[in-house]
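Report on one structure; see the data block that follows.
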Amino acid sequence: MTSLKTRLTQSIKQPVKAALNQVRDLRGAHRAHLVEPTLWILMYHRVLPVNDPRCETEEPGMVVTPETFSMHLEEIQRWMPIMALEDWVRRYEAGEPLPEKACAITFDDGWLDNYEYAYPELKRRGLVASIFAVADKAGQAAPFWPNRVADLVLRQSPLLRQNPVLAPAAELLGQPYSRDTVSACIQSLKYHSEDTLNAALDNLGEATQPENSPTPDLMPWSALRELDISGVFTIGSHTRTHRRLNHASSPEQRHDEIVGSQQHLQQQLGHDVPLFCFPNGDYDDASLRLVREHYRAAVTTQNGLNRHGSLDLHQLKRIGVHEGNAKTPLQFRARLSGLG
Ligand SMILES: [Zn+2]
């Protein structure tokens, strides 16, 4: 239950937020005349209907509904054309003319719901987008440790008590399931390295292995190939296993995640894979050097717009949009504004 204090704070915060969004919308770059060509890159993860059970084990900042996604497409096209990221990059490199404003749509991880909900909508409208696939996880269920933890809590699995690393999640057993509580638990687990968390989950036994689930959450290769051939999506790399490319990774791991994933995707798709996306937006100098060597362009999670005169093709900025920050047209335009 929400306390009186929380309700009072919300009743003050909401009008302030709405007023700020009005200002961002009115003063935003999407409405302005721009002197140099500027590229907006939107970052999406999952597209799921409100009542889809898959929402239960997902963090709220990862999802938009099909209705919200459709509204976003309408809104973007009021202000600028939607272009494929690869196309914009190619024209930029060739010194060809670029529109004053353009927007590229990107999806991270390669979720099956992108195939189910984003693909038909983009196809119907004759639009294009990019998907960054995690090469070794294609066709897997609950592929990443946050989903695996949420799934075990949802299923009230006593296995969570087996490993002290997972103690914060074990504490949630016996309590009513809440996405917010699980989300807070996942945040607290980020204190551990990904390797520690994955190892703790792997040690719980066969039944908890993502590849042993009958329903995949990430697209299988057949779906990725279909999207690739359709011309609606360009498939880029998001590493082999979604390992964060920061200082913790060894040179061999780094090479395998960046170059190995590209080779794997190229083998599966039968052509070059020129785009890359840094997992979690984390990278160090060595990773960036390797990405520059092997890819034409790469996207980060750094918030902002890409202006022709000052952009770095291998550190492109994006604007993250989801149900929590862009559910209404005004909220979405405030995100497009480039003003925070
Ligand atoms: Zn990702």
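The values are calculated or read from the model by the stated rules, or taken from the named source; none is laboratory data. Keep in mind that what you see is a predicted model, and the values were worked out from it rather than measured. Counting neighbours? That spans all protein chains shown, and the Cβs are built from the backbone with ideal geometry, glycine included.
Listing for the model above:
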item: Residue list for the range 274-290, filter: within 16 Å of the ligand (Cβ to nearest atom), at pLDDT 95 or above and either assigned to a helix (DSSP H, G or I) or in contact with a Phe, Trp or Tyr (Cβ under 8 Å, 6 or more places away or on another chain) (or both); result: 275, 276, 277, 287
item: Residues of the range 281-316 satisfying the condition of being surrounded by 19 or more Cβ atoms within 10 Å (Cβ to Cβ) and aliphatic (A, V, I, L, M); result: 290, 291, 297, 298, 299, 305, 311, 316
item: Candidate set from the range 222-240 (those that are of a type in the set (Val, Ile, Thr) and within 16 Å of the ligand (Cβ to nearest atom)); member that is nearest to residue 105 (Cα to Cα); result: 235
item: Subset tally (residues that are closer than 23 Å to residue 204 by Cα and either free of Cβ contacts under 8 Å to residues at least 24 places away in the same chain or not hydroxyl-bearing (Ser, Thr, Tyr) (or both)) for the range 125-157; result: 21
item: Residue 293 in a helix (DSSP H, G or I) and either small (Gly, Ala, Ser) or farther than 23 Å from residue 99 by Cβ (or both); result: yes
item: Pairs, first assigned by TED's automatic domain parsing to the domain that holds residue 223 in the range 262-275, second at pLDDT 95 or above and polar (S, T, N, Q), C-beta under 7 Å, six or more apart; result: 262/237; 265/237; 272/266; 273/237; 273/262; 273/266; 275/130; 275/234
item: Condition met for residue 172 (among the hydrophobic types (A, V, I, L, M, F, W, C), surrounded by 14 or more Cβ atoms within 10 Å (Cβ to Cβ) and part of a loop (DSSP other than H, G, I, E, B)); result: yes
item: For residue 197: the one exception among (1) under 28 Å from residue 47 (Cβ atoms); (2) assigned to a helix (DSSP H, G or I); (3) over 20 Å from the mean Cα position of the chain (by Cα); (4) more than 16 Å from the ligand (Cβ to nearest atom); result: (4)
item: Residue identified as assigned to a loop (DSSP other than H, G, I, E, B) and of a type in the set (Gly, Ala, Ser) among 261, 310; result: 310
item: Qualifying residue in the range 88-105 (condition: within 16 Å of the ligand (Cβ to nearest atom) and in the same structural domain as residue 311 (by TED's automatic domain parsing)); result: yes
item: Matching option when the condition is over 20 Å from residue 244 (Cβ atoms), in contact with a helix residue (DSSP H, G or I) (Cβ under 9 Å, 6 or more places away or on another chain) and not hydrophobic (A, V, I, L, M, F, W, C), among 140, 175; result: 175
item: Listing of helices (runs of 4 or more DSSP H) fully contained in the range 66-164 that carry 2 or more residues being in contact with an Asp or Glu (Cβ under 7 Å, 6 or more places away or on another chain); result: 66-79, 145-154
item: Residue list for the range 284-340, filter: hydroxyl-bearing (Ser, Thr, Tyr) and within 21 Å of residue 88 (Cβ to Cβ); result: 295, 300, 301, 310, 337
item: Residue among 32, 18 that is over 27 Å from residue 108 (Cβ atoms) and in a helix (DSSP H, G or I); result: 18
item: Test: residue in the range 320-336 that is at pLDDT 95 or above, assigned by TED's automatic domain parsing to the domain that holds residue 71, part of a strand (DSSP E or B) and not polar (S, T, N, Q); result: yes
item: Residues of the range 73-100 satisfying the condition of being small (Gly, Ala, Ser) and in contact (Cβ under 8 Å) with a residue 60 or more places away in the chain; result: 84
item: Number of positions in the range 36-62 that are within 21 Å of residue 300 (Cβ to Cβ), within 16 Å of the ligand (Cβ to nearest atom), part of a strand (DSSP E or B) and hydrophobic (A, V, I, L, M, F, W, C); result: 3
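For every residue, the table says whether it meets (1) among the aliphatic types (A, V, I, L, M); (2) closer than 23 Å to residue 61 by Cα.
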{"residue": "152", "(1), (2)": "yes, yes"}
{"residue": "179", "(1), (2)": "no, yes"}
{"residue": "190", "(1), (2)": "no, yes"}
{"residue": "194", "(1), (2)": "no, yes"}
{"residue": "197", "(1), (2)": "yes, yes"}
{"residue": "200", "(1), (2)": "yes, no"}
{"residue": "216", "(1), (2)": "no, yes"}
{"residue": "230", "(1), (2)": "no, no"}
{"residue": "237", "(1), (2)": "no, yes"}
